[in-house]
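Below is one structure; the comments refer to it alone.
Bear in mind that the values in this text are calculations on the coordinates, not laboratory data. Since the structure is predicted, the reported quantities are computational estimates derived from the model, not experimental observations. No Cβ is skipped: glycine too gets one built from the backbone with ideal geometry, and neighbour counts run over all protein chains shown.
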């Protein structure tokens, strides 16, 4: 009921979308276990039927995603409900609205590296040291591919790329 009323407010006052998104960020962070059973309904997913993909530029869909991703930060089991398209939308929103979308450990090798480094010494991920080496190799392979493709970029894009590569290398150094 709260979410439906917030969407009604968004349709009525589209200029308030940023404050509405901020509100939904707080609702998701503070009530992840209430959001969990609503995820299939909110995302309009069906276990057997393939539903059409929504566009992450739609303000009402962005509301749903912000709510769900912030709830997923406090509820690890929620990420099992995410499909491939939703993971793409997560990365898109994480890049465009990083202040509203938390960093999650889903569908990204570099975030799984961070998580494996943060595991407790007795855990299975920490006991399996070869997994970190495999993930590290994948990240380094991706970084060298980025460097090879940077020859044709403008100076501004090269600078952005170098910042991204430095960020990825910091993740690798955590291992």
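Ordered by packing density, taken as the mean number of other Cβ atoms within 10 Å over each peptide's residues, highest first, how do 12-21, 84-93, 53-62 rank?
Details: 12-21: 12.6, 84-93: 16.5, 53-62: 14.3.
By packing density, highest mean first, the sequence is 84-93, 53-62, 12-21.
Report, to one decimal in Å, the Kirkwood hydrodynamic radius for the stretch 1-107 based on all distinct Cα pairs. Provide the component values of the computation, followed by the final result.
Values: mean 1/r = 0.0722 Å⁻¹.
One decimal place: 13.9 Å for the Kirkwood radius.
So how long is each side of the stretch 1-54 along the principal axes, counting just the alpha-carbon atoms, biggest first, in Å?
So the three principal-axis extents are 37, 25, 17 Å.
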